[in-house]
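*Asks:* To start, I am sharing the structure in question, which I have written as structure tokens.
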Amino acid sequence: MKNQVCNLRVGTTITGKWHQHSYRVLKMLGMGATGVVYLVEKQDQSLAALKFSFQSMSVSAEVNVLKHLSKVHGKVLGPSLLDVDDWKISTHQVSFYVMEYIKGEPFLSFIKNRGVEWIGVFAIQLLSNLNELHQAGWTFGDLKPENLVVTANPVSVRWLDVGGTTLHGRSIKEFTDFYDRAHWGLGTRKAEPSYDLFAVAMIMLHAAHGKRFEKQDLVREQLKKALLSKSSLAPYRIAIQKAIEGKYSSAEEMKNDIVLGLKGAHSQSQHSSSSMKATNRTQRSATRKKVKVKRKRIHVLETCLLFVSVMFMYLLYLFFQVL
Ligand SMILES: Nc1ncnc2c1ncn2[C@@H]1O[C@H](COP(=O)(O)OP(=O)(O)OP(=O)(O)O)[C@@H](O)[C@H]1O
């Protein structure tokens, strides 16, 4: 069955057994551990993302999460859910769901192309969304750059793959080592806000360094070094450090520290630009004084030259008179 849904040809039409909606396969968007996702065209010619899960249980679990997410304070957190159905393929039947297609650039490639200054902006957006999710009783779980997409107009970060989303208090069901606090020996895999906030801190480190790094023996020192070695992370040092140490109980607190850090960096840059202006002013007035002294000297020299040339002409005149 896995082989059959993983190699669908472009143009294949998938018609749901129960709702009779048809979807035409345009291309494969990605394949992960739990399923395969296709970009499809709906009957009204709009685009959507269709996911086949390798286990039918995970389709119902993900659909359940997407349904919950669509109700979180009326805010769109994950992709919106459009359809859930089964597809009969030869003698088998396979479950799938259709969701909003989120068109955008992968998170890391956006940061690479547009600059590390965006890290703070996206961290704030991500933390606002996480705060809503946490308040609704869920932990995202498998938060990683591969699950983040940056959409244009307005530039904003959206998350995909809600397969790891877990109710608070339960055990995290999907994770990726680098973003998992238990892997670093810095906490448990219990689903709670601080689990996601650790992952946000690690995403920020990854984005600033442009790569992941292997765990070493002295984990705390290693992460601190990674944090201090990138000047682009300076405004977020407090927030990242506290998130790594599990000191935040809500995404809102971490977001506030990032906002404060950015404000601090802004006023510092304003301060240094005004002190630079003052230095420039002093330099300019010193230069002006120098110019004045120089001009005075030139003036004296000119007078002397004039005097000498007048005297020379006079002597010449006297000389011709004598002759
Ligand atoms: N709604 C969507 N809009 C656009 N692209 C999507 C969407 N959903 C998934 N994708 C793409 O498909 C890829 C695989 O999807 P997804 O991560 O859900 O599969 P998975 O099997 O759960 O993967 P993983 O092993 O990372 O958990 C994603 O990385 C993304 O590129």
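Each value in this text was obtained by applying a stated rule to the coordinates, not by laboratory testing. Note that the coordinates shown come from a computational prediction; the quantities given were computed from them, not determined experimentally. In this analysis, Cβ positions are derived from the backbone assuming ideal geometry, glycine residues included, and neighbour counts consider all displayed protein chains.
*Asks:* Compute, for the stretch 1-68, the length of the dipole vector about the Cα centre, with Cβ point charges of +1 (Lys, Arg) and -1 (Asp, Glu) only. Units Debye, rounded to 20.
*Replies:* The calculated dipole for the stretch 1-68 is roughly 120 debye.
*Asks:* Then there is this: From Cα pairs below 8 angstrom and at least 6 apart in sequence, can you work out the relative contact order of the stretch 2-100, rounded to a whole percent?
*Replies:* 22
*Asks:* What ranking do 134-146, 54-66 get when scored by the average of other Cβ atoms within 10 Å per residue, highest first?
*Replies:* 134-146, 54-66
*Asks:* Scan around Leu29 for amide H atoms under 5 Å from its own, H built in the peptide plane at 1.01 Å from N, and keep only partners 5 or more places away or cross-chain.
*Replies:* Those lying under 5 Å, H to H, from Leu29 are Val37, Tyr38, Leu39.
*Asks:* Please give the Cα centre distance for the stretch 95-141 versus the stretch 1-27, rounded to the nearest Å.
*Replies:* Here the answer is 28 Å between Cα centres.
*Asks:* Roughly how many debye, to the nearest 20, is the charge dipole of the stretch 105-263 about its Cα centre, given +1 on each Lys and Arg Cβ, -1 on each Asp and Glu Cβ, and no other charges?
*Replies:* My answer is approximately 360 debye.
*Asks:* Let me ask something else about it. With only Lys, Arg, Asp and Glu charged, each at its Cβ (+1 for the first two, -1 for the last two), find how big the charge dipole of the stretch 125-212 is about the Cα centre; round to the nearest 20 debye.
*Replies:* Using only the charged Cβ atoms, the result is roughly 140 debye.
*Asks:* How much net charge surrounds Val98 when only the other residues with a Cβ under 13 Å from the Cβ of Val98 are counted, with Lys and Arg +1 and Asp and Glu -1?
*Replies:* Counting the neighbours of Val98, the net charge comes to -4.
*Asks:* Step through the residues of the stretch 172-177 one at a time and calculate ³J(HN,Hα) from phi using the Karplus curve (6.51 cos²θ - 1.76 cosθ + 1.60, θ = phi - 60°), rounding each to whole Hz and writing x for Gly and Pro.
*Replies:* Residue by residue, the stretch 172-177 yields 4, 9, 10, 7, 10, 2 Hz.
*Asks:* Keeping to pairs on different chains or 8 or more places apart, tell me how many lysine pairs in the stretch 105-263 have Cα atoms under 14 Å apart.
*Replies:* 10
*Asks:* If you don't mind, there's one more thing I want to ask. If contacts are Cα pairs under 8 angstrom and at least 6 residues apart, what is the relative contact order of the stretch 105-263 in percent?
*Replies:* Normalised by residue count, the contact order of the stretch 105-263 is 25 percent.
*Asks:* So what are the ³J(HN,Hα) numbers for the stretch 216-227, from phi and the Karplus equation (6.51, -1.76, 1.60; θ = phi - 60°), rounded to whole Hz, Gly and Pro as x?
*Replies:* Result, ordered by residue: 10, 5, 8, 4, 4, 5, 4, 5, 5, 4, 4, 6 Hz.
*Asks:* How would you classify the stretch 105-263 from its alpha-carbon gyration tensor, with a ≥ b ≥ c the square roots of the eigenvalues: rounded for a/c under 1.5, else prolate if a/b is greater than b/c, otherwise oblate?
*Replies:* It is rounded, given that a/c, with a ≥ b ≥ c, falls under 1.5.
*Asks:* To continue, here is another question. More than 17 angstrom separation, counting every C-alpha pair in the stretch 2-100; what % is that?
*Replies:* Result for the distance tail: 49 percent.
*Asks:* If amide H atoms are built 1.01 Å from N in the plane of the peptide, which residues on other chains or at least 5 residues away come under 5 Å of the amide H of Thr12?
*Replies:* Val25
*Asks:* Could you list which residues have their amide H under 5 Å from that of His21, counting only those 5 or more apart in sequence or on another chain, with H placed in the peptide plane?
*Replies:* Under 5 Å from the amide H of His21 lie the amide H atoms of Gly16, each far enough along the sequence or on another chain.
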